[in-house]
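Following: one structure in structure tokens, then a few remarks.
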Amino acid sequence: MKAKSNSDKESLAKELGAEIVTVSAPQKLGGKSIECVKKGSIYIPTGKILIYGAGKVQFPEALREELQQLKAERAGKLGKETQREFARNPKKQKRIKQIEQGPLHNYQRSQGNLQSLLKAGMNPDSLEDAFKIIGHVLEEIGKLGVEMEVGNKVKHVSAIEAPRGKMVIDSHLSVKEGTPPIVYLDTITYSKKK
């Protein structure tokens, strides 16, 4: 796999009339820096396309084992007493939900995106294909005329031409605080159009 250098990304962003910027996530999201493609007030985190959208989200083996253990306890596969202990332990019940609704769900959606990319004939390792998607999303969101009130959420479904036909892109965006407010891509999913 070819390394995705910043100069390559900057060049592709420039072709879209956009730029690569780094924004800080709020503390509740870890406060880390996030690389985005910015065009006007629209921000597309590159990781949403290059990692999540390309099926590269990981589901750590330790979490997989923990989930299997908790499910075995819940199902009684480790004995009735272990199952009763599980039923009386709200922390374990909550932990299963946390893993299933968080990291596992994220991993499964990322894998679904990968399958859709491949069915559409797009290369998950291609920076050019990734920026084709970014450009499409920027254009589509630009046409929407999003009301710039912090907290607004927008769901937009569109289709992009791909080597094996159209691929549907389901974009979920929200208006975040900024001066002025920004339209931020929260999540994206793909499906191959039949």
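The values are calculated or read from the model by the stated rules, or taken from the named source; none is laboratory data. Because the structure is a prediction, the values reported are computed rather than measured. Every residue, glycine among them, receives a Cβ derived from its backbone with ideal geometry; neighbour counts consider all protein chains shown. Please note that ligands, DNA and RNA were not included when accessible areas were found on the heavy atoms of the full protein model with its side chains. Shrake-Rupley method; radii C 1.70, N 1.55, O 1.52, S 1.80 Å.
Brief remarks follow.
- Estimated Rh, segment 95-194: Kirkwood, alpha-carbon pairs, angstrom: 14.8 Å
- Cross-link check: pairs Lys39/Lys97; Lys56/Lys97; Lys91/Lys176; Lys56/Lys166 evaluated at a Cα-Cα cut-off of 30 Å; pairs beyond the cut-off: Lys39/Lys97; Lys91/Lys176.
- Listed by chain and number, the aspartates and glutamates whose alpha-carbon sits under 12 Å from that of Lys155, ignoring those within fewer than 8 places in the same chain, are Glu140, Asp170, Asp186.
- Segment 107-152: C-alpha pair distances exceeding 12 Å, %: 70 percent
- Accessible carbon and sulfur surface of the chain relative to its total accessible area, %, 1.4 Å: 50 percent
- Rounded to the nearest 500, the helix-only mean residue ellipticity at 222 nm of the chain stands at -12500 deg cm²/dmol, with each DSSP H run of n ≥ 4 adding -39,500 (n - 2.57).
- Unit charges at the beta carbon, dipole of the chain: most positive-side option, Ile34, Val168, Ile141: Val168
- Remark: the chain carries a charge dipole of roughly 960 debye about the Cα centre, counting +1 on each Lys and Arg Cβ and -1 on each Asp and Glu Cβ.
- Between Asn6 and Leu118, the simple spin-label model (points 7 angstrom out along Cα→Cβ) gives 3.3 nm.
- In this rough spin-label picture, where each label sits 7 Å from Cα along the Cβ direction, the Val168-Lys32 distance is 3.1 nm.
- 13 Å beta-carbon shell around Tyr107, net charge (K/R +1, D/E -1): +1
- Kirkwood analysis of segment 138-194, using all unique Cα-Cα pairs, places the hydrodynamic radius at 12.2 Å.
- Estimated FRET transfer efficiency (Lys94, Glu65; beta-carbon r; R0 25 Å; 0.05): 0.85
- Per residue solvent-accessible surface (Å²) - segment 33-172, probe of 1.4 Å: 54 Å²
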